[in-house]
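In what follows, a structure is listed as structure tokens, so that the remarks can point back to it.
Where a number appears in this text, it was derived from the coordinates with a stated rule and is not lab data. Since this is a predicted model, take the numbers as computed values, not measurements. Note that each Cβ is placed from the backbone with ideal geometry, even for glycine, and that neighbours are counted across all protein chains shown.
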Amino acid sequence: KGFSSVNFFLSLHRFQAFVYFASVFQAMSCGIHYLASVFMAVTPNFVCGIPGNVSSVLFYNSSESSLEDIWTLWTSTENYVVVQLENGEIWELNQCSRSKREMSLDLAYEYKGNKSTFSCTDGFLYDNTKWKSTVVTEWDLVCDREWLAKLIQPTFMLGVLIGAVIFGDVADRLGRQRVMWFTSAGQFIFGIAVAFTFDYYSFVIVRFLLAMVSSGYLVVAFVYVTEFVGIKARTWASMHVHAFFAVGIMIVALVGFLVRTWWTYQIFLSIATLPFVLCCWMLPETPFWLLSEERYEDAEKVINIMARWNKVSTPCKVSELCSVQQDDLVDGGMGDNDTSSTKKHNILDLFCNWHIARRTITVWLIWFTGSLGYYVFSLSSVSLGGNEYLNLFLIGAVELPCYIIACIGMDKLGRRNTLIPFLILSALICVLIMVIPQDFSILIILANMAGKFSIGVAFGLIYLYTAELYPTIVRSLAVGSGSMMCRVGSVVAPFCVYLRSVWIFMPLLLVGIMAFLSGMLTIMLPETLGKPLTNTLVEATEIGRNEKSCSEKTPPTHSDAAIEKIEMFGQDTVSNEK
């Protein structure tokens with residue numbers, strides 16, 4: 001009866017809707033900070049600085065009075081500019097060096113005589129027609145310091161990986177509400193602090209801390225909304241946390257279009273977190289976490305607040321919650337003499353036999369491929385030609401319908417039958433982009449959006465599918481290890497994008513190969529739609545060995561039967577209240 005009271009209030013009503021939308025609103029800021037570097041760390045056209053005042057500038061056959069006038073004619077990094085100084089000296093300016101013509105009196109673009117080459121000791125001259133200032137122009141992260149610019153996004157993603165591990169564990173120990181408040185406040189504080197960093201190294205360190213709290217919030221927010229939302233709405237609710245992340249990407253494109261100075265741009269992006277920081281302290285702790293900590297009176301207060309919001313008169317008493325906890329302890333002690341329930345499990349249990357090991361390798365590969373493809377398509381969007389701001393906006397917008405399709409596909413076709421075609425479709429789209437002529441920029445952008453859509457469906461689906469593929473005793477371990485592979489993919493993705501300098505299609509080739517391989521291996525995974533969750537590794541192995549027997553109606557487990565009764569009670573009570 002106690003659990004019936006709890007789960008009755010945990011269906012998606014007025015209170016749950018308020019908590020849900022307040023929580024996922026902050027997920028937008030995670031999307032903002034994850035992709036902020038696409039404009040903040042952009043490298044504009046540049047040439048070596050000059051040791052004097054310029055009197056005239058020559059670029060091929062075009063003669064100008066200042067360097068600012070030649071940027072619209074700049075087409076390649078191999079171009080150079082010829083300038084004549086007021087003292088009569090003539091210099092050739094390349095991107096990473098400059099040459100002084102020894103015996104030249106006439107200003108001509110081609111020169112066959114002797115030249116003295118010098119390094120760029122006077123700094124660099126940047127094209128500021130699009131961006132007045134970026135972190136690259138601020139600290140001259142070009143030429144021999146270019147590798148520092150290329151480390152900005154990978155170090156951020158490394159912070160994402162570490163933050164997910166740390167704050168996921170802290171949330172289990174200290175509670176979800178405290179961690180959400182701390183990480184959301186951290187996003188605002190570190191986000192503003194980034195704009196006031198005084199050098200490259202302080203910038204990277206503060207961005208690393210920002211990545212940790214952003215990742216921590218996103219991980220805990222998934223758990224928080226899952227524990228507040230009713231079972232029937234749980235798939236849709238958890239899936240659409242991703243949608244608010246996508247809205248954050250769209251905000252990056254909009255702010256990037258309006259604000260062209262990197263530190264001002266960063267401040268405007270960080271302000272988006274302020275509304276939640278001011279009100280997140282009002283959000284309650286989840287009753288499930290309070291019950292797990294045996295804080296029954298606090299759990300009763302939260303549930304009664306939910307009851308008042310939802311206009312439900314059914315009381316919830318501490319005695320009921322205590323009796324539920326006692327029943328769980330008794331049931332746990334009579335667990336069919338299964339010693340595995342008391343055994344401490346580790347990562348090796350995900351490789352306990354060939355069937356489970358093969359499943360684990362496939363699932364990890366899907367996690368890695370989903371994250372790799374997601375960020376490769378996103379980060380590459382600004383280099384596709386056309387309007388880079390519109391490209392990024394569309395890349396974010398295309399995610400919104402993809403999660404709806406994912407939810408419908410999971411419920412109608414099944415998890416595996418939805419995952420396989422979208423993974424293979426991602427691979428085919430990568431091949432399609434490679435064969436489209438580079439002059440057809442609109443087709444390339446549309447194909448890139450289609451690739452992001454298809455990989456987004458697979459990426460969103462794998463969260464739930466992983467939880468259903470593994471038994472209760474290692475389910476959290478399986479999802480956590482998969483999430484770790486996801487973070488590894490996000491760290492690798494920026495380096496993959498940088499391979500465009502080797503071959504323009506190299507990132508697409510790698511994503512395509514990984515997506516096709518993942519799709520083929522997914523065929524060997526069992527379907528989990530409509531099947532009860534397994535409790536032991538033996539049960540989990542059997543659903544892979546004999547799908548036919550598993551597809552037959554099987555008696556629900558103890559926990560599944562309890563959930564069904566809880567939902568039935570909740571529905572009956574709600575109908576009576578109406």
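Numbers below:
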quantity: Mean Cα-pair separation over length for the range 159-287, i.e. relative contact order, pairs under 8 Å, 6 or more apart, %; calculated: 39
quantity: Isotropic mean projected area of the C-alpha convex hull, the range 114-249 (nm²); calculated: 11.4
quantity: Listed peptides 249-260, 83-94 by packing density, highest first (mean Cβ within 10 Å); calculated: 249-260, 83-94
quantity: Net charge, P287 excluded, C-beta distance under 10 Å - Lys, Arg +1, Asp, Glu -1; calculated: -2
quantity: Distance violations [Cα-Cα > 30 Å] among K301/K412; K130/K150; K150/K452; calculated: K301/K412
quantity: For the range 414-492, convex hull volume per residue from C-alpha positions, Å³; calculated: 86
quantity: Peptide ranges 367-376, 422-431 listed from the most packed, as the mean C-beta count within 10 angstrom indicates; calculated: 367-376, 422-431
quantity: Loop-located trypsin sites (Lys or Arg not before Pro) in the range 16-119, at most 13 other Cβ atoms within 10 Å (DSSP); calculated: K112
quantity: Table column - 3J(HN,Hα) (Hz), the range 87-101, Karplus curve with 6.51, -1.76, 1.60, x for Gly and Pro; calculated: 8, x, 5, 10, 10, 9, 10, 9, 6, 10, 7, 9, 10, 9, 6
quantity: HN-Hα J in Hz across the range 189-199 - Karplus 6.51, -1.76, 1.60, θ = phi - 60°, x for Gly and Pro; calculated: 5, 5, x, 6, 4, 4, 5, 10, 5, 9, 7
quantity: All Cα pairs of the range 350-545, percent lying beyond 29 Å; calculated: 24
quantity: Calculated FRET efficiency for the pair I347/S119, C-beta based, R₀ 56 Å, to 0.05; calculated: 0.65
quantity: Mean separation of Cα contacts under 8 Å, 6 or more apart, over the residue count of the range 63-103: relative contact order %; calculated: 25
quantity: Backbone HN-Hα couplings from phi across the range 414-426 [Karplus 6.51/-1.76/1.60, Hz, Gly and Pro as x]; calculated: x, 5, 5, 5, 8, 5, 4, x, 6, 5, 5, 4, 4
quantity: Alpha carbon convex hull of the range 79-124, volume per residue in cubic angstrom; calculated: 80
quantity: Sites A108 and E297 - FRET efficiency at Förster radius 56 Å, r taken between beta-carbons, to 0.05; calculated: 0.05
quantity: The range 46-129, relative contact order in percent, only Cα pairs under 8 angstrom and at least six apart counted; calculated: 34
quantity: FRET E, pair E89, F505, Förster distance 41 Å, beta-carbon r, rounded to 0.05; calculated: 0.40
quantity: Part-to-part distance (alpha-carbon centres) for the range 383-434 and the range 17-81, which is given in Å; calculated: 29
quantity: Shape box of the range 352-443 [Cα atoms, principal axes, largest first, Å]; calculated: 51, 26, 20
quantity: Pair N304, T261: separation of 7 Å Cα→Cβ label points (nm); calculated: 5.4
quantity: Nonlocal amide H pairs with Y470, under 5 Å, H built at 1.01 Å; calculated: none
quantity: The range 46-129 - Rg over Rh from alpha carbon coordinates, Kirkwood radius; calculated: 0.91
quantity: M434 versus I205: modelled label distance in nm, points set 7 Å from Cα along the beta carbon direction; calculated: 4.4
